[in-house]
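The structure appears below as structure tokens.
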Amino acid sequence: MRLCSIASGSSGNCIYIGDGKSHLLIDTGISKKRVEEGLRKLDVKGEELDGIFVTHEHIDHIQGLGVFCRKYKTPVYATRGTIEGIKKCSSIGKLPEGILHEIEVDHAVELGSITVHPFAISHDANEPCGYRAQSGGKAVAVATDLGTYDAYTVENLKALDAVVLEANHDIHMLEVGPYPYPLKRRVMGEKGHLSNELSGRLLCDILHDGLKSVMLGHLSKENNYAELAYETVKLEISLGDNPYRGEDIPITVAKRDEVSGVIEL
């Protein structure tokens, strides 16, 4: 399997997952042009995509959905609540008839040679979810936009080969930063975003010898930076109740406006 971040951050998100036979995207929160450029670097054409899975209806996850799907007619998979949110978003325009396919959390979807497992997450959207994808004995997951996590979240992220995990903000930077107070409370709330510290603690709960790669994603432009997220998560692993140290785990940080390195499994 291959996992790659085409874009990740508060300004737009798009993750590629494929296994050579089937190809899918998690979210299209950037322009059609940028999605196409990212796919081109992966030697994948827009018309080769088997589907787009949407985590939730916020604009940084669906901005390019309308334009992309009007060109390629790619099937879109999302929960009922997310589909309702997509339909209400006038800025993406009208989607082709019959392109939206309703899925349920905890019910697997077979898409070509890839099995996709949606799981519920805690975020201030209609019915948000993360995704776990499996093929050929390998498993990867995308877990961003979750204000908190619990045993259910951990269970869905166990036994992975690679994961894209949110490390949205540094708590101190957020507290003293430019956001208005209500927005700060929203980001730090249980339906907001994971801080660097919480990201590291969640990682401690899912670490195992088979986890080949961790990609930190959805970093805030105003309240975080790559080196800080990386060092904080590493420190949480080293301090955590687990047999690993931060340097034992291959950790990268997804870039906001660039295609990341490709994780090959």
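The values are calculated or read from the model by the stated rules, or taken from the named source; none is laboratory data. For clarity, every value in this text was computed on a predicted model and none was experimentally measured. Backbone-built Cβ (ideal geometry, glycine too); neighbour counts: all protein chains shown. Calculation scope for accessible area: heavy atoms of the full protein, side chains included, ligands and nucleic acids excluded. Shrake-Rupley method; radii C 1.70, N 1.55, O 1.52, S 1.80 Å.
What the table shows:
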item	result
With Cα atoms, 0 to 90° folded angle of helix 226-239 axis to the chain main axis	60
Overall form of the stretch 47-106 per C-alpha gyration tensor (a/c, 1.5; a/b vs b/c)	oblate
Residue-averaged 222 nm ellipticity for the chain, from DSSP H runs of 4+ at -39500 (n - 2.57), nearest 500	-8000 deg cm²/dmol
Computed E for residue 33/residue 208 - FRET, C-beta separation, R0 41 angstrom, nearest 0.05	0.60
Most mobile listed residue (240, 20, 51) in the chain, GNM with C-alpha springs under 10 Å	20
Gyration tensor verdict on the stretch 113-265 (Cα atoms; rounded if a/c is under 1.5, prolate if a/b is larger than b/c, oblate otherwise)	prolate
Distribution of pairwise C-alpha distances over the chain, 5 Å bins, in %	1, 6, 14, 19, 21, 18, 12, 6, 2, 1, 0
Rounded to 10°, Cα long-axis angle of helix 32-41 versus longest principal axis of the chain	70
Three-way shape label, the stretch 69-132, alpha-carbon gyration tensor, a/c 1.5	oblate
Candidates 23, 61, 172: whichever shows maximal mean-square fluctuation once the chain is modelled as a Gaussian network with Cα springs under 10 Å	172
DSSP-assigned coil residues among chymotrypsin sites (Phe, Trp or Tyr not before Pro) in the stretch 158-259, each with at most 15 further Cβ atoms within 10 Å	225
Residues in the stretch 50-64 reached by a label modelled at residue 88 [backbone nitrogen below 15 Å; 7 Å Cα→Cβ]	56-59
Around residue 150: net Lys/Arg minus Asp/Glu count, Cβ-Cβ under 11 Å	-3
Theoretical FRET efficiency, 1/(1+(r/R0)^6), r = Cβ-Cβ of residue 113 and residue 183, R0 35 Å, to 0.05	0.25
Exposed GluC sites (Glu not before Pro) absent: longest stretch of the chain, with sites in DSSP loops and at most 16 other Cβ within 10 Å deemed exposed	1-96
Solvent-accessible surface ranking, highest first, for 40, 256 at 1.4 angstrom	40, 256
Gain on full stretching of the segment that runs from residue 97 to residue 152 - 0.36 nm per residue minus C-alpha separation	16.3 nm
Filter on 71/212; 41/138; 41/212 - keep pairs with C-alpha separation over 26 Å	71/212
Accessible area of the stretch 102-195 belonging to carbon and sulfur atoms, whole % at 1.4 Å probe	52
Cut-off 10 Å between beta-carbons: net charge of the residues surrounding residue 4, Lys and Arg +1, Asp and Glu -1	+1
Residue-normalised accessible area of the stretch 60-141, given per residue in Å² at a 1.4 Å probe	44
Simple spin-label estimate for residue 80 and residue 226 in nanometres, 7 Å along Cα-Cβ	4.2
Rg ratio (alpha-carbon, reference 2.2 N^0.38 Å) - the stretch 55-179	1.15
Inter-probe distance in nm under a simple model that places probes 7 Å from Cα toward Cβ, at residue 106 and residue 43	4.1
